[in-house]
């Protein structure tokens, strides 16, 4: 089992580590560095989940064992690479996050349009290239929830299931709300350039 300490900053005004940052850093600092000459086309069946919100720095444990090495994991990323299944478990270091960086998700949302009849959101112009694919997915789904799903609380990104990694090589992206579970958990489908890629999950935090 390999352990990697991960550096995080708060995104915009948030006081917790956003799930999109966790996903991106896991790939950049762990997956891409662990596997020499990584072929992203050989990655499949991604499953990413967040169990709780945190303002602590994190470390990740990479294993072929699907059982966590410790209790109270913050989240998990699992994927298949070249026929083998791998698991990344996330744990708190209890070291506080102090730094933050600017993030203007309106630059994503202003490139998109809602469709209330189909409960979907799509880009109508090219989304600026300085955002990662997961940042685009999360920002668009957040805007969709704020427009379509009326609940008391805050919707946050807590899960992702993809057939293969989504990279910023698409022209068009569409997210459609599929189901809600007691207005506490939602499931939305993800399409890029007309191809179904998987699902994104949001959970409601009571305020």
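Only one residue in 31, 4 is over 19 Å from residue 198 (Cα atoms), more than 16 Å from the chain's Cα centre (by Cα) and crowded, with 16+ Cβ neighbours inside 10 Å. Which one?
4
Sort out which residues of the stretch 125-153 are out of contact with any strand residue (DSSP E or B) (no Cβ under 7 Å at 6 or more places or on another chain) and within 17 Å of residue 22 (Cα to Cα), and write them in order of number.
Result: 131, 132, 133, 134, 135, 139.
For the stretch 164-180, check the following and say yes or no: at least one residue is farther than 24 Å from residue 46 by Cα and not in a strand (DSSP E or B).
no
Give the number of residues within the stretch 136-155 that are within 14 Å of residue 180 (Cα to Cα) and assigned to a strand (DSSP E or B).
Here the count works out to 1.
From the list 76, 29, 64, 52, which residue is within 24 Å of residue 136 (Cα to Cα) and without any contact (Cβ under 8 Å) to a residue 24 or more places away in the chain?
Going through 76, 29, 64, 52 in turn, the sole match is 52.
Just give me the residues in the stretch 124-139 being in contact with a helix residue (DSSP H, G or I) (Cβ under 7 Å, 6 or more places away or on another chain) and under 16 Å from residue 11 (Cα atoms), in sequence order.
The answer is 131, 132, 134, 135, 136, 138, 139.
Of the numbered conditions (1) closer than 25 Å to residue 156 by Cα; (2) in contact with a helix residue (DSSP H, G or I) (Cβ under 7 Å, 6 or more places away or on another chain), residue 56 satisfies every one except a single condition; which is it?
It fails just one condition, (2).
Going residue by residue through the stretch 51-64, is there one that turns out to be at pLDDT 90 or above, surrounded by fewer than 16 Cβ atoms within 10 Å (Cβ to Cβ) and under 16 Å from the mean Cα position of the chain (by Cα)?
yes
Quick check on my filter: what residues within the stretch 118-138 are touching a residue at least 60 places away in the same chain (Cβ under 8 Å) and crowded, with 24+ Cβ neighbours inside 10 Å?
134, 137, 138
Taking residue 114 and the conditions (1) in contact with a strand residue (DSSP E or B) (Cβ under 7 Å, 6 or more places away or on another chain); (2) at pLDDT 95 or above; (3) surrounded by 19 or more Cβ atoms within 10 Å (Cβ to Cβ), which numbered condition does it fall short on, given that it satisfies the others?
Unmet condition: (3).
Go through (1) surrounded by fewer than 16 Cβ atoms within 10 Å (Cβ to Cβ); (2) outside the structural domain of residue 142 (by TED's automatic domain parsing); (3) free of Cβ contacts under 8 Å to residues at least 40 places away in the same chain and name the single condition residue 15 misses.
Here residue 15 clears every test but (3).
The values are calculated or read from the model by the stated rules, or taken from the named source; none is laboratory data. Please read all numbers here as calculations on a predicted model, not as lab measurements. Every residue, glycine among them, receives a Cβ derived from its backbone with ideal geometry; neighbour counts consider all protein chains shown.
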